[in-house]
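Enquirer: If you scroll down you'll find the structure; I have some questions about it.
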Amino acid sequence: MISAQNRLLPLSGNKWLWFFITALVLAACSPKLRPVAPVKKPAENVPEKPKVADRPVKPVEVKPLTIAMILPLGLDHLRPGSKYTSPGLNKANMSVEYYQGFKLALDSLTAEGANFKLRLYDSKDDASQAHSLALNPNVKSSELIIGPVFPDGMKVFTTGLNTKSPVLSPLSPASPTTINSGNLITVMPPLEYHGWGAAQYINDKLKPKKIFILRSGFSQEQDYVRGFKNATDSLSKKKTKLIIATITKGQLAGLLPQLSKTDRNVFVVAATDQAFLNVILKSLDTLNRHYPVVLFGHPSWEKFSFLKIDILQRLKTHITSADQIDYKSDASMEFVRVYHRVYHIEPTDFAFKGFDEGMYFGKQLMDANFASLDKADFTGLHNNFHFIKKAGLGWVNTHVNVLMYSNFELKPVE
């Protein structure tokens, strides 16, 4: 069964919001399997025995595995006189796309003998609604709870929730320290693990004697830098020297005495501020004419249209990413084909995420394996999962990919 607040009406931005509630009602619960007893032929030349009334065979039912999914659908905006704002519509579209991918994964697992009962709830992206849902008996009794999506709602929700069921944070990379729930599963790697991934690649592949970390002074960089520093100290046993410098107006002259004109000079820039990046990248590009530079940047750089790819390529820029889709792979092409056949639209990144998470966590439900996620790595279409257990913080996915700008596009490093 599916629980939802209101019947969806048409919205601009995603035509499938027209039919969303109808689709949920028709497709939410996967079919139950009912095996039929085989018919036996009587043996030849055997005298017939007196007929005895057959006892009715009770069909074997697979126990449904219940999942509560809490997404910011914002159904209250469908009331007469109300309408979606642009951010609200984006959240609703994201929710529909994620749900459709996740539901397609459950349908696939049903063929293996599972039976899922998926209940859908509207968080409205509202703290009071999140608290109310935490007290809902149907939510609390579910074997897997997905959402709320955003950190503030998740914090309120887990504070009021009294259950031992795993709670999945499906789309947010927020650090689990902001939520503090031992039941939490954080799927998107928090920023500190991007720092750790970059440090591990540098330690294993580049093996520099020193690394320069250039700071803009904004606190947003702290999680990445902390993860990078802790990883480098641990992996190199503190043999790699870290030089942390706060840079103003792109001035790098103070670092020149410590740079090499022959060996690669490894720089890490975790900044996301546009003004700072425009200046510091130009300064590094100038520096690169005499001092070989290899640059490691923030994962958000992949989405920044203001960055100049020619400069990033000259600086041999690497970034980490939790997301990567190989659209040319057989598995991806098959998913696109099936998704288009079922929903008549092309899948978005959120649909890929939903499918990967549906396949992985649906399988963990089938195997009752939530106590050993660290032994169940997963390679998906969009995400890879490698979970570690953090005391009091639940499970955290730590897998990130390292990409490099080459031929004016980002490609996985070898």
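The values are calculated or read from the model by the stated rules, or taken from the named source; none is laboratory data. As the structure is a computational prediction, the values presented were derived from the model and not from experiment. Counting neighbours? That spans all protein chains shown, and the Cβs are built from the backbone with ideal geometry, glycine included. What goes into the accessible areas is simple: the full protein's heavy atoms, side chains included, and nothing from ligands, DNA or RNA. Shrake-Rupley method; radii C 1.70, N 1.55, O 1.52, S 1.80 Å.
Enquirer: Counting Lys +1, Arg +1, Asp -1, Glu -1, what net charge surrounds Ala371 among other residues with beta carbon under 13 Å of its beta carbon?
Expert: Local net charge: +1.
Enquirer: Right, something else. Do any trypsin sites (Lys or Arg not before Pro) in region 183-252 lie in a DSSP loop with no more than 11 other beta carbon atoms within 10 Å, and if so, which?
Expert: Those that pass, being in a loop and sparsely packed, are Lys209, Lys237, Lys238, Lys239, Lys249.
Enquirer: I'd like to check one number: the per residue accessible area of region 120-245, probe 1.4 Å, reported in Å² as a whole number.
Expert: So region 120-245 comes to 44 Å² accessible per residue, rounded to a whole number.
Enquirer: Right, here's the next one. Find out how many positive minus negative residues lie around Ser283, taking Lys and Arg as positive, Asp and Glu as negative, among other residues whose Cβ is under 12 Å from that of Ser283.
Expert: Around Ser283, the charge tally is +2.
Enquirer: What chymotrypsin sites (Phe, Trp or Tyr not before Pro) in region 197-252 are in a loop by DSSP, with at most 16 other Cβ atoms within 10 Å of the Cβ?
Expert: The qualifying sites are Phe218.
Enquirer: Using just the alpha carbons, could you tell me how many Å³ per residue the convex hull of region 315-363 encloses?
Expert: Per-residue hull volume (Cα only) is 112 Å³.
Enquirer: Let me know the shape class of region 77-234, please: from the alpha-carbon gyration tensor, a ≥ b ≥ c as square roots of the eigenvalues, rounded when a/c is under 1.5, otherwise prolate if a/b is greater than b/c, or oblate.
Expert: Prolate, because a/c is 1.5 or more and a/b exceeds b/c.
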